[in-house]
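Structure first, commentary second.
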Amino acid sequence: MTNLGDLEIFARVVSTGSMSAAGRALGFSAAVISKRIKRLEDRLGTRLLQRTTRQISLTEAGQGFYDRVLGILAGLEEAEAYASGRSSQVQGTLRISAPTSFGRMHIAPHLTGFMKDHPDLKLHIVLTDDFTDIVAEGFDLAIRIGELSDSSLVARKLAPVRRLLCAAPSYVARHGTPTEIGELAHHICLPAHNNDNWKLEGPDGSLSYRPEGPLVTNSSEIIREAVIAGIALRSTWDIGRELREGRLVQVLPQWEGSHKLTLSAVYPSRQFLPAKVRQFVDYLAALYGPVPYWEQ
């Protein structure tokens, strides 16, 4: 009979796309992973994977085997959770990638409660504003903000993202309040993310506005501090407190950032979803919700 551990290794190699990524996720070397896959193929008497120097792909037999293995592993996990009553007790290490500012502001402060509920789970969280290939780099999931493009990853929406045009009251007092988009040309604007256009939605539909200003940065924290000197398009998760306390005010309230932006958790597979990933994603979804606390 085939070793269940070999099935898990096989499924992880397919979902991550490489021996090394599967090894990082499971705590084995790439050499060990390769030997286990070969042992599985020898036992079955058929090749499951086509290997090249750049990629791994499924053979026809491998695809059919993979589809059935996913059902076996998912059923086994469900059976273990039912029998042991450990549906909320997860173990191992959960590797997470998240945006820097959002992670500091809206993930880090809430980790204590999650870790208290899951004392046997270790969290490895990497904060970065670079795009992370979670499969190649061995992450279990990533938190992403933006318009999600089509990919092989599964995405679960955690909360809507609203972006507002805002400025400091002192800036408005000195330079006046714009009443139309065209008036932004006479104001100091603070673009971010390599001078990307502002995608806006308002009474005239959607438009793309190219802001001009003396500062360009990919750091939300720098823009939050510099907005005293101009007008910026910022997410409410980033400036909610400043708006509530009156340190920033909304300008051109009839215009907001693209409504296609979302806060989402992405992970490699829906069918073979580890309990530790499901528990963490469920925790964030309940924490933020359809009307997140930074909007209240």
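Overview of results
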| quantity | calculated |
| --- | --- |
| Cα Rg, Dmax (largest Cα-Cα span) when computed across segment 163-257, Å | 12.0, 31 |
| Debye, to nearest 20: dipole size of the chain, +1 on Lys, Arg Cβ, -1 on Asp, Glu Cβ | 820 debye |
| Separation of the Leu44 and Leu127 label points, Cα + 7 Å toward Cβ, nm | 4.3 nm |
| Relative contact order (%) - the chain, alpha-carbon pairs under 8 angstrom, separation at least six | 22 percent |
| Rounded percent of accessible protein surface that carbon and sulfur make up, the chain, 1.4 Å probe | 51 percent |
| Charge dipole of the chain about the Cα centre (unit charges at C-beta), most positive-ward option of Tyr171, Leu148, Ala185 | Leu148 |
| Order of exposure, largest accessible area first, which applies to Arg241, Arg51 with probe 1.4 Å | Arg241, Arg51 |
| Helix-only CD estimate at 222 nm, as mean residue ellipticity for the chain, using -39500 (n - 2.57) per DSSP H run (n ≥ 4) | -11000 deg cm²/dmol |
| Span from the segment 217-242 Cα centroid across to the segment 144-186 one, whole angstrom | 10 Å |
| Reciprocal of mean inverse Cα separation for segment 4-84 (Kirkwood radius, Å) | 13.0 Å |
| Where the Cα pairs of the chain fall when distances are cut into 10 Å bins, in % | 6, 24, 26, 19, 14, 8, 3, 0 |
| Candidates Val14, Val32, Val154, ranked by Gaussian network fluctuation over the chain, Cα under 10 Å, top entry | Val32 |
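The values are calculated or read from the model by the stated rules, or taken from the named source; none is laboratory data. Predicted model, so just to flag it, every value in this text is computed and none were measured. Note that we place each Cβ from the backbone using ideal geometry, even for glycine, and neighbour counts take in every protein chain shown. Side chains included, ligands, DNA and RNA excluded: accessible areas come from the protein's heavy atoms. Shrake-Rupley method; radii C 1.70, N 1.55, O 1.52, S 1.80 Å.
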